[in-house]
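Written out below as structure tokens is the structure these notes cover.
The values are calculated or read from the model by the stated rules, or taken from the named source; none is laboratory data. Computed from a prediction, not measured in an experiment: that's the story for all the values here. A quick note on method: Cβ atoms are made from the backbone with ideal geometry, for glycine too, and the neighbour counts reach across all protein chains shown.
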Amino acid sequence: MSSPRSPRRLVLSLVMALGLASLVTVPAQSAPAPVTPPAAAAAAAVTFSDDFDGPAGSAVNGSKWQIETGDNVNNHERQYYTAGNNNAALDGQGNLVITARKDNPGNYQCWYGRCEYTSARLNTAGKFTTTYGRVEARMKIPRGQGIWPAFWMLGNDIGQVGWPNSGEIDIMENVGFEPGTVHGTLHGPGYSGSGGIGAGYSLPGGQAFADAFHTFAVDWSPNSITWTVDGNVYQRRTPADLGGRQWVFDKPFFVILNLAVGGYWPGDPDASTSFPQQLLVDYVRVSSDSGQPGGGGGPITGLAGKCVDVAAGSAANGTAVQLYDCNGTAAQQWTVGGDGTIRALGKCLDVASGGTADGTRVQLWDCNGSAAQQWATPAARDIVNPQADKCLDVSGANTANGTRLQIATCTGVPAQKWTVTR
């Protein structure tokens, strides 16, 4: 579903990507343990991490983050983003706190006149970018009509190509009138603003996201992005979802955290909205392997604790891939590559003939860069072929040695759950 919003928050991001300090001159202004990453990502290298440890009231680490300043007319947001630690500071308990206040001590001017609110927005432009990997944050979001927290990414080439050609990956957005729902969305050329490609995820039983910490993540590989909340997959997007429009997500992106007040999508605060409101961020972490296949390797275990196995240890093209007792042989040593492949015996896990139908067998084949050899390994322990949007599956849920593996519609059954070790 598409998020019902206006053209995106362009101006601040474009300015920051160009390396400028801010839109306007600003006067000088004076948690619980992290969730264990999924097995597929656990062996990957951490390329960016901030646990926000430091004294209460201190500013964020300037070697990792820059603070954006100014207002944002593009979405008709009501806040002014301030510098320093006025609206973004550590709490001394391992959290970053971004605070939205109904105040304006600096007499800041916004697109509509004197600003009514202040808040903060941070990004890693010029300090850190990533192409592919797992990008996650553990956060407790605020609540209230007109409150709009976001954790997202922009293409690092925005200063050259503009938005939406730069691409945008929204990992988590919440609008206050939907306390139990978050959204993940892609924006690019021909599918931006209210036409973005995305979906929502809702907590069960009427729970609100503001009541507790939750972990929001994307697992991003070539031609595939998968969104999770607390390890639960709720959407995958591939070039096939774009209807022939350009996929612009195979290049460096930088990370953004912000807390907006008001705007076209969330609407403005009303009498029911209390201030201040706070976005608490326990950590932000990006992990990625080397981007190259090979090296090391380990078993992939599934149903009945058995292993994904190359039949008879043969490296011939077309060799069956099956379930078998784990025995530590090379036929059961698999490497998940940053190029989206899963490899053993020097060859790739392959969907036979590039099929997309339920029941299509998987096999070993020369690595050829085709979509039949692309796999995503999100936090829910699925192994997904994005071209088919189907999961690696044990035929008939049969635990007997030699049972062939296939692709099938993802249903979350035990026959589709795998643990990758390296």
Count of residues meeting criterion [β-branched (Val, Ile, Thr) and either in contact with a Gly (Cβ under 9 Å, 6 or more places away or on another chain) or on the phi > 0 side of the Ramachandran plot (or both)] in the stretch 400-422: 5
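Hey, any hits in the stretch 275-286 for a residue that's assigned to a loop (DSSP other than H, G, I, E, B), within 27 Å of Ser119 (Cα to Cα), more than 24 Å from the chain's Cα centre (by Cα) and not β-branched (Val, Ile, Thr)? Talk me through it step by step, then tell me what you get.
The initial filter retains those residues of the stretch 275-286 that are assigned to a loop (DSSP other than H, G, I, E, B), namely 275-276.
After this cut, where a residue has to be within 27 Å of Ser119 (Cα to Cα) as well, the list is 275-276.
Next, from what is left, pick out any that are more than 24 Å from the chain's Cα centre (by Cα): 275-276.
Going one step further and asking which of them are not β-branched (Val, Ile, Thr), we end up with 275-276.
Scanning the stretch 275-286, I find at least one residue that is assigned to a loop (DSSP other than H, G, I, E, B), within 27 Å of Ser119 (Cα to Cα), more than 24 Å from the chain's Cα centre (by Cα) and not β-branched (Val, Ile, Thr), so the answer is yes.
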Out of all the residues in the stretch 89-108, is one or more surrounded by 14 or more Cβ atoms within 10 Å (Cβ to Cβ), aromatic (Phe, Trp, Tyr) and over 24 Å from Tyr264 (Cβ atoms)? no
So Ala120 clears everything in (1) modelled with pLDDT under 95; (2) under 21 Å from Gly57 (Cβ atoms) except one condition, right? Which one? (1)
Limited to the stretch 252-272, what total is found for residues that are crowded, with 20+ Cβ neighbours inside 10 Å and not in a strand (DSSP E or B)? 5
Identify all residues within the stretch 312-335 that are outside any loop (DSSP other than H, G, I, E, B) and modelled with pLDDT of 95 or more; write none if there are none. Ala320, Val321, Gln322, Leu323, Tyr324
Which of the residues that make up the stretch 315-325 are of a type in the set (S, T, N, Q) and touching a helix residue (DSSP H, G or I) at 6+ places or on another chain (Cβ under 8 Å)? Thr319, Gln322
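What number of residues within the stretch 375-414 are among the small types (Gly, Ala, Ser) and farther than 21 Å from Asp230 by Cα? First the steps, then the outcome.
Start the filter on the stretch 375-414 by keeping residues that are among the small types (Gly, Ala, Ser), which leaves 376, 379-380, 388, 395-397, 400, 402, 408, 412.
This time we only want the ones that are farther than 21 Å from Asp230 by Cα, so: 388, 395-397, 400, 402, 408.
Counting residues in the stretch 375-414 that are among the small types (Gly, Ala, Ser) and farther than 21 Å from Asp230 by Cα gives 7.
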From the list Asn74, Asn61, exactly one residue is outside the structural domain of Thr341 (by TED's automatic domain parsing), surrounded by 19 or more Cβ atoms within 10 Å (Cβ to Cβ) and part of a loop (DSSP other than H, G, I, E, B). Which is it? Asn74
Being under 17 Å from the mean Cα position of the chain (by Cα) and more than 16 Å from Ser192 (Cα to Cα) is the filter here, so list the residues in the stretch 239-267 that pass it. Asp250, Lys251, Pro252, Phe253, Phe254, Val255, Ile256, Leu257, Asn258
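For the stretch 183-224, what are the residues that are over 19 Å from the mean Cα position of the chain (by Cα), in a loop (DSSP other than H, G, I, E, B) and of a type in the set (S, T, N, Q)? Explain how you work it out, then say what you get.
Kept after step one, since they are over 19 Å from the mean Cα position of the chain (by Cα), are these residues of the stretch 183-224: 189-190, 194-195, 204-208, 210-212.
Add one more test, that the residue is in a loop (DSSP other than H, G, I, E, B), and what stays is 189-190, 207-208, 212.
Within the stretch 183-224, Gln207 is the sole residue that qualifies.
Being under 20 Å from Gly267 (Cα atoms), assigned by TED's automatic domain parsing to the domain that holds Lys127, crowded, with 17+ Cβ neighbours inside 10 Å and at pLDDT 95 or above narrows it down to one of Gly167, Gly188, Gly196, Gly155, so name that one.
Numbers: Gly167 fails: under 20 Å from Gly267 (Cα atoms); Gly188 fails: under 20 Å from Gly267 (Cα atoms); Gly155 fails: under 20 Å from Gly267 (Cα atoms).
Gly196 is the lone residue from the list that is under 20 Å from Gly267 (Cα atoms), assigned by TED's automatic domain parsing to the domain that holds Lys127, crowded, with 17+ Cβ neighbours inside 10 Å and at pLDDT 95 or above.
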Please determine whether any residue of the stretch 356-368 is surrounded by 23 or more Cβ atoms within 10 Å (Cβ to Cβ) and either under 22 Å from the mean Cα position of the chain (by Cα) or under 23 Å from Gly133 (Cβ atoms) (or both). no
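From the list Cys348, Cys307, Cys326, exactly one residue is out of contact with any Leu (no Cβ under 8 Å at 6 or more places or on another chain) and hydrophobic (A, V, I, L, M, F, W, C). Which is it? Walk me through how you get there before you give the answer.
Numbers: Cys348 fails: out of contact with any Leu (no Cβ under 8 Å at 6 or more places or on another chain); Cys307 fails: out of contact with any Leu (no Cβ under 8 Å at 6 or more places or on another chain).
When all the criteria are applied, what remains is Cys326.
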Can you tell me which residues in the stretch 125-148 are touching a helix residue (DSSP H, G or I) at 6+ places or on another chain (Cβ under 7 Å) and not in a strand (DSSP E or B)? Ala125, Ile141, Pro142, Arg143
Which residues, counting only those in the stretch 341-355, are over 16 Å from Trp418 (Cβ atoms), in a loop (DSSP other than H, G, I, E, B) and either under 25 Å from the mean Cα position of the chain (by Cα) or not small (Gly, Ala, Ser) (or both)? Leu345
